[in-house]
Ligand SMILES: NC(=O)c1ccc[n+]([C@@H]2O[C@H](COP(=O)([O-])OP(=O)(O)OC[C@H]3O[C@@H](n4cnc5c(N)ncnc54)[C@H](O)[C@@H]3O)[C@@H](O)[C@H]2O)c1
Ligand SMILES: CC(C)[C@H](C(=O)O)[C@@H](O)C(=O)O
Ligand SMILES: [Mg+2]
């Protein structure tokens with residue numbers, strides 16, 4: 001008897017549909033070997049939803065996501081909608097999904113895949129031992145505080161409020177500590193406490209919670225220093241916990257330790273098992289429609305979906321090993337050296353499926 005799971009698919013814009021198609025292929029292969037069945041419901045969000053329905057996050061998309069066991073998202077956004085007024089911006093869909101589904105915790109694991117060191121801009125000896133995870137607060141901070149744009153007698157101004165409530169910091173900090181307990185027991189809390197009141201508050205809360213996790217060694221680091229240390233001593237990090245915007249920026253930086261942003265998956269989680277899974281990268285409009293996007297981050301996000309929402313750890317590991325194996329044989333264009341041959345998005349996906357069927 002197979003267990004059936006509902007998966008909401010939100011391919012989105014740009015390379016989104018190309019990379020989600022490859023992750024779906026991989027999940028369908030998992031169906032063949034495990035006692036599960038997936039029912040996929042494809043819905044629209046982002047620019048494509050603005051074009052079709054006049055809004056970035058249609059009700060039907062949100063309802064489908066709410067009813068699903070998990071959501072797999074490609075990416076949203078692109079230059080076509082860049083000049084749109086704020087309520088008609090594709091990113092609204094993403095932020096709306098995260099907020100409405102209560103997905104306050106964004107896990108961005110940065111794992112070095114053997115053989116990829118050569119594609120990083122850093123030396124192999126600096127990269128040796130890199131295995132970290134960014135735990136990014138996802139539904140608070142400057143992304144969600146009040147926004148203003150006003151014309152005054154002194155001229156026009158714009159503002160974005162960076163606000164954090166105690167419970168929002170507490171829950172993400174608890175989560176980061178417990179993740180650290182199951183890893184190398186080292187937590188770096190990243191803030192800008194020398195300038196921001198919200199960061200001083202964040203630091204106080206981390207200090208207050210730390211005694212509940214005596215086996216975890218915690219340190220605080222200012223975000224500008226962290227940006228530098230990630231390139232200088234990346235292997236000294238285990239778990240990084242930080243607020244929404246710092247986490248966004250640091251995770252793109254950390255992606256380059258692995259060789260390409262096309263390799264970095266993410267899981268957005270809340271209180272229950274429901275999660276939204278998406279690559280860390282965006283819709284890559286510069287390469288959309290060319291069949292050259294790296295689908296690995298999305299395929300690895302599907303692995304995180306199996307792990308975190310469906311409790312299928314073994315299947316998740318199988319996908320991760322298959323991706324590693326394929327990367328040891330072929331590269332997509334983002335990872336190929338100059339004049340080195342590369343495989344298409346589709347061929348990469350096919351090879352992962354083939355590696356899984358062996
Ligand atoms: N989760 C999301 O939906 C998400 C995340 C980030 C950015 N965005 C949106 O995407 C749009 C483009 O943003 P951007 O250009 O700043 O960032 P981006 O991540 O889309 O692209 C940055 C660079 O990385 C490359 N790249 C990204 N993913 C790749 C992949 N899988 N394979 C190979 N190369 C890849 C792109 O070609 C580009 O050169 C914007 O509208 C932005 O708001 C969406
Ligand atoms: C598109 C944008 C709103 C989004 C974010 O900043 O959270 C993206 O950069 C990400 O990292 O998921
Ligand atoms: Mg980002």
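The values are calculated or read from the model by the stated rules, or taken from the named source; none is laboratory data. Computed from a prediction, not measured in an experiment: that's the story for all the values here. Using ideal geometry, Cβ is built from the backbone for each residue, glycine included, and neighbour counts are taken over all protein chains shown.
Just a few scattered comments:
- The residues of the range 258-274 that are within 25 Å of residue 299 (Cβ to Cβ) and more than 15 Å from ligand 1 (Cβ to nearest atom), listed by number, are 269, 270, 272, 273, 274.
- Among residues of the range 83-137 being within 16 Å of ligand 3 (Cβ to nearest atom) and assigned to a loop (DSSP other than H, G, I, E, B), the one that is nearest to residue 180 (Cα to Cα) is 103.
- Any hit, the range 190-212, residues being out of contact with any helix residue (DSSP H, G or I) (no Cβ under 7 Å at 6 or more places or on another chain), part of a loop (DSSP other than H, G, I, E, B) and free of Cβ contacts under 8 Å to residues at least 24 places away in the same chain: yes
- Residue-level check: of (1) within 15 Å of ligand 3 (Cβ to nearest atom); (2) over 28 Å from residue 21 (Cα atoms); (3) assigned to a loop (DSSP other than H, G, I, E, B), residue 271 misses just (1).
- Test: residue in the range 239-255 that is within 25 Å of residue 125 (Cβ to Cβ), more than 16 Å from ligand 1 (Cβ to nearest atom) and touching a helix residue (DSSP H, G or I) at 6+ places or on another chain (Cβ under 8 Å): yes
- Applying the set (1) in the same structural domain as residue 252 (by TED's automatic domain parsing); (2) crowded, with 21+ Cβ neighbours inside 10 Å to residue 97 leaves exactly one unmet item: (1).
- All positions within the range 222-267 that are within 15 Å of ligand 2 (Cβ to nearest atom), in a loop (DSSP other than H, G, I, E, B) and at pLDDT 95 or above: 243, 264
- As for the range 130-152, it holds at least one residue that is under 30 Å from residue 303 (Cβ atoms) and at pLDDT below 95.
- Check on residue 355, in the same structural domain as residue 100 (by TED's automatic domain parsing), more than 10 Å from ligand 1 (Cβ to nearest atom) and either within 30 Å of residue 198 (Cα to Cα) or assigned to a loop (DSSP other than H, G, I, E, B) (or both): no
- So residue 286, is it within 16 Å of ligand 2 (Cβ to nearest atom) and without any contact (Cβ under 8 Å) to a residue 12 or more places away in the chain: yes
- The one condition from (1) over 16 Å from residue 345 (Cα atoms); (2) more than 16 Å from ligand 2 (Cβ to nearest atom) that residue 270 does not meet is (2).
- Matching residues, the range 150-165, being surrounded by 12 or more Cβ atoms within 10 Å (Cβ to Cβ) and assigned to a loop (DSSP other than H, G, I, E, B): 161, 162, 163, 164
- All conditions in (1) part of a loop (DSSP other than H, G, I, E, B); (2) touching a strand residue (DSSP E or B) at 6+ places or on another chain (Cβ under 7 Å); (3) within 16 Å of ligand 1 (Cβ to nearest atom) hold for residue 142, with the sole exception of (1).
- Matching residues, the range 1-26, being over 22 Å from residue 63 (Cβ atoms) and either within 16 Å of ligand 3 (Cβ to nearest atom) or in contact (Cβ under 8 Å) with a residue 60 or more places away in the chain (or both): 14, 15, 18, 19, 21, 22, 23, 25, 26
- Looking across the range 256-279, the residues that are surrounded by fewer than 24 Cβ atoms within 10 Å (Cβ to Cβ), under 26 Å from residue 79 (Cβ atoms) and touching a helix residue (DSSP H, G or I) at 6+ places or on another chain (Cβ under 8 Å) come down to 260, 261.
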